[in-house]
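Before any comments, here is the structure.
Bear in mind these aren't lab numbers, they're just calculated from the coordinates by the rules spelled out. The structure displayed is predicted, hence computed values, not measured ones. With ideal geometry, Cβ positions are generated from the backbone for all residues, glycine too; neighbour counts draw on all protein chains shown.
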Amino acid sequence: MGMSSADIDSNEQAILDAIEVWVEKEVRPVVKKFDQADEYPHDIVEQMKELGLFGATIGQEYGGLGLSAWTYAQIVMKVSSVWMALSGIFNSHLIMASAIERSGTEEQKKKYLPLMASGEFRGSLALTEPNAGSDLQAIRTVATLKDGYYVVNGSKTWITNSLHGHGTLLLVKTDPESQPRHKGMSMLIAEKGDGFIVTNKLKKMGYRSIATCELSFDDYRVPVDRLLGGEPGRGFIQTAGGLELGRINVAARGAGIAEGALKLALRYAQERSTFGKLICNHQAVQLKLADMVTRVEAAKRLIEQAARKFDAGDRCDLEAAMAKLAGSEAGVFCASEAMRIFGGYSYSVEYDIERLYRDSMLMCIGEGSNEILRTIIAKQLVERHKI
Ligand SMILES: Cc1cc2nc3c(=O)[nH]c(=O)nc-3n(C[C@H](O)[C@H](O)[C@H](O)COP(=O)(O)OP(=O)(O)OC[C@H]3O[C@@H](n4cnc5c(N)ncnc54)[C@H](O)[C@@H]3O)c2cc1C
């Protein structure tokens, strides 16, 4: 018997409720310890496997939960309101999985998606290189076809989940001379093995505990049947195909940080007194709280709009870009306003707000910098309203 939409809604609500309980009971008490030690939370990852988080957006036919983008965004917000880095452990994994589900061959889907849904195979996304971040077509990692294998040489940097993960979706040049450049790019499903070297774990201001590393490929061999989709020259288009969901997800991380910072500030403002009254009664603090809650709610509405369009199968590039811009900027704004509300205590590592502040800026950089996103939003705006 098929499930009605009411069943699906109540099922998704039950999952959200379970995540909320788990975040409060298991995550909040340990976040400070792991973040300060910059240590990977192995036990929490085991709990995430049990909750099904590694298969959150993977189709049920492959063993995933098959959640809608909107439910997934709400999970990301909930987790990020306490510990954004934790959402990174399943986010880039799921970007790899959704690329395989969208563009992979039948064999690739059958082989990898069930292993990814259970968390047995945890993946990542390796696009960025020392000389190429926003301008991905400038990458230099080359894969040369030889005796049924792609032989890969080159290096990547800033690759999250690459230390504790089992493999990565690797963007390479299969035809470095191609013009236009993007037609020479391909994606490889790259399992760890000889020649796939994690060279350095980067020290970061925030987004700690989840390792972000430099990678080097030295005559690393990938069997030809791991070329995503089985056809070379489609890597750039395959990457772009994941941008909408990726941006909704980064937006949700930013909005989660914003909401988390608001909650902390709201509580503190009702506990701390100066000049004979609680600071929430000083107008200067009230102005901050008002601006914060407005930014949080505005970001959430934009995320919901983009996610619902995505779920309906509608074009949502403009909506996802606006959600990402609003969510990430809300995170930075609310974390920094909360810092001011906490006064001197904001600077103490005993309080959580300093972590949210350190983590917030990243959301403005990844998945299309906010500068580039603004240019995309403006171009699409003109395109949709041509006179
Ligand atoms: C903690 C962390 C984790 C990361 N994880 C991953 C990961 O898992 N996988 C991965 O592949 N990458 C990852 N990245 C890399 C990230 O995606 C890049 O840093 C990002 O794409 C920006 O690239 P860049 O750093 O080379 O900056 P650049 O592209 O050099 O940009 C520098 C500045 O120029 C501006 N700029 C560039 N081009 C334009 C333009 N056309 N118009 C207007 N402004 C422009 C940018 O907005 C920015 O202000 C991570 C980065 C960090 C910091």
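Below, the figures for the structure above:
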item: Choice from Leu94, Leu127, Leu51 showing the highest fluctuation, given a GNM over the chain with Cα pairs closer than 10 Å; result: Leu51
item: Additional length obtainable on full extension of the chain from Ala312 to Asp135, 0.36 nm per residue less Cα span; result: 60.7 nm
item: Candidates Val76, Val198, Val30: whichever shows maximal mean-square fluctuation once the chain is modelled as a Gaussian network with Cα springs under 10 Å; result: Val30
item: Inverse mean reciprocal Cα-Cα distance (Kirkwood Rh) of region 125-233, Å; result: 14.0 Å
item: Neighbour net charge for Phe90 - beta-carbon separation under 11 angstrom, K R +1, D E -1; result: +2
item: Exposure proxy ranking, count of Cβ atoms within 10 Å, fewest first, for Val27, Val250, Val222; result: Val27, Val222, Val250
item: Max mean-square fluctuation residue, GNM over the chain, Cα-Cα springs under 10 Å, options Ala99, Ala312, Ala338; result: Ala312
item: For region 242-384: span of alpha carbons on each principal axis (Å, largest first); result: 56, 26, 25
item: Where N is the number of residues in the chain, Cα Rg divided by 2.2 N^0.38 Å; result: 1.01
item: Contact order relative to length of the chain, as percent, for alpha carbon pairs under 8 angstrom and 6 or more apart; result: 16 percent
item: Placed amide H near Ser124: partners under 5 Å, 5+ positions off or other chain; result: Gly167, Thr168, Leu169
item: Sorted peptide list for 349-355, 212-218, criterion being average Cβ within 10 angstrom, highest first; result: 212-218, 349-355
item: Most to least packed among 377-386, 100-109, 362-371 [average Cβ atoms within 10 Å]; result: 362-371, 100-109, 377-386
item: 5 angstrom amide H check on Leu202, placed H, neighbours 5+ away; result: Thr212, Cys213, Glu214
item: Estimated vicinal HN-Hα couplings, Hz - region 155-169 in sequence order (Karplus 6.51, -1.76, 1.60; Gly, Pro = x); result: 9, 10, 9, 6, 9, 6, 6, 7, 7, 8, x, 9, x, 9, 8
item: Folded to 0 to 90 degrees: helix 42-51 orientation relative to the chain principal axis, Cα; result: 80 degrees
item: Proximal charge balance of Ile197 [Cβ under 14 Å; K/R count +1, D/E count -1]; result: -1
item: Structure-based [θ]222 nm, the chain - -39500 (n - 2.57) summed over DSSP H runs of at least 4, per residue, nearest 500; result: -17000 deg cm²/dmol
